[in-house]
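Okay, structure first, notes after.
The values are calculated or read from the model by the stated rules, or taken from the named source; none is laboratory data. Note that this is a predicted model, so its numbers are computed, not measured. When we count neighbours, we look across all protein chains shown, and the Cβ atoms used for this are built from the backbone with ideal geometry, even at glycine.
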Ligand code: BGC
């Protein structure tokens, strides 16, 4: 049975009266004025038409806080109060597995962007985590397209409900930073449709995102920003996108091709143009003007771009009064804390070493440079200046007050090529020996200056990680601390997996925090002491070693500098680990709680091409907690090879001790279909399917076999 994609409604159109205002504005504009609107005229704005009351379009990064002001031409403006709320980054946000948190995060961002006079916030970033090495994984959400789709829709609605626009990035295939500005990505149509596009599609069709940012790389030979197939055929064609496609900064390299390929707005002040940039040299400036005058490009092509820009302007209240935003408020910081509380993941808790009990724990040795480090300004364009940022050390001090003695040792040095330092390790060991519990805070770090591979850059735009090993001699440090004090908890920062294989069996407690934002240290301390019960789940598989990852095992990474072939195809993340029986360190969807949950046998009712599933989940422990109930589908027999399971639904259930709740999942045909690239369509092959429900991709608690 073949299933064709239905044409989708165009979410970004304005009402007919506004559409006719847009047309009449276009009629009044000179060609020069139109051309002014389709290219940048400063680092973050495009030109308006003062004569007609059309303002400049004001953009700003994104995605987890409003970026500090950069003046008009990349001069960091340290004058104003541009200290925003620093929200947990994309990977931590998605680790909540709670779409309401997506909405909450987007709302804070939208409100603050609005307050700061921005029209478009450059986020969310939703590229698939194909390799653990991608320097920007921290900004992104997951290896799984379904989870991304659910998280991104809330985020976009949250932003756009505040009267500003989100900008979905980086469309598409920007899955590595090495050679990002030109690498040509080759993948099958099936991988494109099943893995790499669904998040973008959901953001456009369900989320109604007003603007999309094209990525730097090429796809099948053409730059993504003006890739006829990706932009004209899929985004604007199949998905009916009526909003504006902007380039990533400096991602346009030609005039005619780019104008016709679907890019609407050229952005990016080339650093080489500074200090006196000449914006008339942009591809979409004088060169475009000449082409239209010379008849090489029809004026209607430019009109369509202006129309799309004007739509965004109307949608984001640039011609009427936008409801006002608020800025860096206590409420916003509370949202940041709440997301961190739900996004921090308890990976291991041997012998219930956690939660710590204030009655018995009298001394804590906090160890590790990340324990006392702030991250807001790190990572590249997503940097956020923030009024304050609670580090893990501060969070613990705040929570414990005088009741617990807390010491701090640096343990390792964050510097390029820094190795284990025997003196620092000895100091850490001495401190650990004297304490009831040692908390080592390590993992990856952000660089602060991303224009060069600065001394400490790992989770950073523009660069990938060189390998997956713990940098700065942290393995030696952690092993020594565990030896000195068996009650050692390791807290890992960072945008995804890190190789912890040399000490994982020895450590009693391990937490993954991502980059948890300005209140991250508060949330971490609350979780360590059980004030908050952890409920985050991994959004990306933690391989034991880098070589176990599909992009490295089956595919190419980073390619030959011209091309990169995604030979692992649809077997990204757990789809690979589960199907090829490679045991990960921690599975996709894994995350522990201080309580326990019991799953009932599900009741499944099928009808043509769909199923509804009811299941009860009970909190069988003694404290309140939340469980992310995950539903995976397995196709028992199919014409094309399929992963042994794929996430098709989930629900985060909050339960008091002893409480149980029934939840219902409605699975439509998309939950059972695969993309057949011979027929070029989604196919639901009749047959048997297993509905697998569990607490992670590897911890399936119950299953039902159905026939469709
Ligand atoms: C990044 C984008 C960012 C833009 C503007 C680019 O280098 O790739 O994500 O929005 O700069 O700062």
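Just a yes or no: is a residue in segment 269-278 surrounded by fewer than 23 Cβ atoms within 10 Å (Cβ to Cβ) and either in contact with a helix residue (DSSP H, G or I) (Cβ under 6 Å, 6 or more places away or on another chain) or more than 23 Å from residue 56 (Cα to Cα) (or both)? Don't jump to the end; show me each part of the working.
Our first condition is that a residue be surrounded by fewer than 23 Cβ atoms within 10 Å (Cβ to Cβ); within segment 269-278, this holds for 269-278.
Those left that are additionally either in contact with a helix residue (DSSP H, G or I) (Cβ under 6 Å, 6 or more places away or on another chain) or more than 23 Å from residue 56 (Cα to Cα) (or both): 272.
Checking segment 269-278: at least one residue is surrounded by fewer than 23 Cβ atoms within 10 Å (Cβ to Cβ) and either in contact with a helix residue (DSSP H, G or I) (Cβ under 6 Å, 6 or more places away or on another chain) or more than 23 Å from residue 56 (Cα to Cα) (or both).
Residue 169: part of a loop (DSSP other than H, G, I, E, B) and within 13 Å of the ligand (Cβ to nearest atom), yes or no? In short, no. Can you report the number of residues in segment 256-273 which are in contact (Cβ under 8 Å) with a residue 24 or more places away in the chain, assigned to a loop (DSSP other than H, G, I, E, B) and either within 14 Å of the ligand (Cβ to nearest atom) or over 16 Å from residue 304 (Cα atoms) (or both)? Of the residues in that region, 3 qualify. Filtered by the rule that a residue be over 18 Å from residue 148 (Cβ atoms) and within 12 Å of the ligand (Cβ to nearest atom), segment 215-237 gives 216, 217, 225.
Checking 368, 379 one by one, the residue that is in contact with a helix residue (DSSP H, G or I) (Cβ under 8 Å, 6 or more places away or on another chain), at pLDDT below 95 and buried (at least 23 other Cβ atoms within 10 Å of the Cβ) is 379 and no other.
Quick one: count up the residues across segment 40-57 that are in a loop (DSSP other than H, G, I, E, B) and away from the ligand (no atom under 13 Å from the Cβ).
Within segment 40-57, the subset in a loop (DSSP other than H, G, I, E, B) is 41-44, 47-48, 53, 55-56.
Checking the rest, the ones that are also away from the ligand (no atom under 13 Å from the Cβ) come to 41, 47-48, 53, 55-56.
Residues flagged as in a loop (DSSP other than H, G, I, E, B) and away from the ligand (no atom under 13 Å from the Cβ) within segment 40-57 amount to 6.
Just a yes or no: is a residue in segment 104-117 in contact (Cβ under 8 Å) with a residue 24 or more places away in the chain and assigned to a loop (DSSP other than H, G, I, E, B)?
Here is the first cut: in segment 104-117, the residues in contact (Cβ under 8 Å) with a residue 24 or more places away in the chain are 104-117.
Right, trim to assigned to a loop (DSSP other than H, G, I, E, B) and you get 116-117.
Among the residues of segment 104-117, at least one is in contact (Cβ under 8 Å) with a residue 24 or more places away in the chain and assigned to a loop (DSSP other than H, G, I, E, B), which makes the answer yes.
Name every residue in segment 291-328 that is without any contact (Cβ under 8 Å) to a residue 60 or more places away in the chain and within 20 Å of residue 110 (Cβ to Cβ), in order of residue number. Of everything in segment 291-328, those that are without any contact (Cβ under 8 Å) to a residue 60 or more places away in the chain and within 20 Å of residue 110 (Cβ to Cβ) turn out to be 320, 321.
On the given criteria, is residue 564 in contact with a strand residue (DSSP E or B) (Cβ under 9 Å, 6 or more places away or on another chain), farther than 28 Å from residue 661 by Cβ and either part of a strand (DSSP E or B) or not assigned by TED's automatic domain parsing to the domain that holds residue 695 (or both)?
Values: in contact with a strand residue (DSSP E or B) (Cβ under 9 Å, 6 or more places away or on another chain): yes; farther than 28 Å from residue 661 by Cβ: yes; either part of a strand (DSSP E or B) or not assigned by TED's automatic domain parsing to the domain that holds residue 695 (or both): yes.
Yes, satisfied.
Inside segment 211-229, residues that are touching a helix residue (DSSP H, G or I) at 6+ places or on another chain (Cβ under 8 Å), within 22 Å of residue 300 (Cβ to Cβ) and crowded, with 24+ Cβ neighbours inside 10 Å make up a count of 5. Residues in segment 58-84 that are touching a strand residue (DSSP E or B) at 6+ places or on another chain (Cβ under 7 Å) and away from the ligand (no atom under 14 Å from the Cβ): 83, 84.
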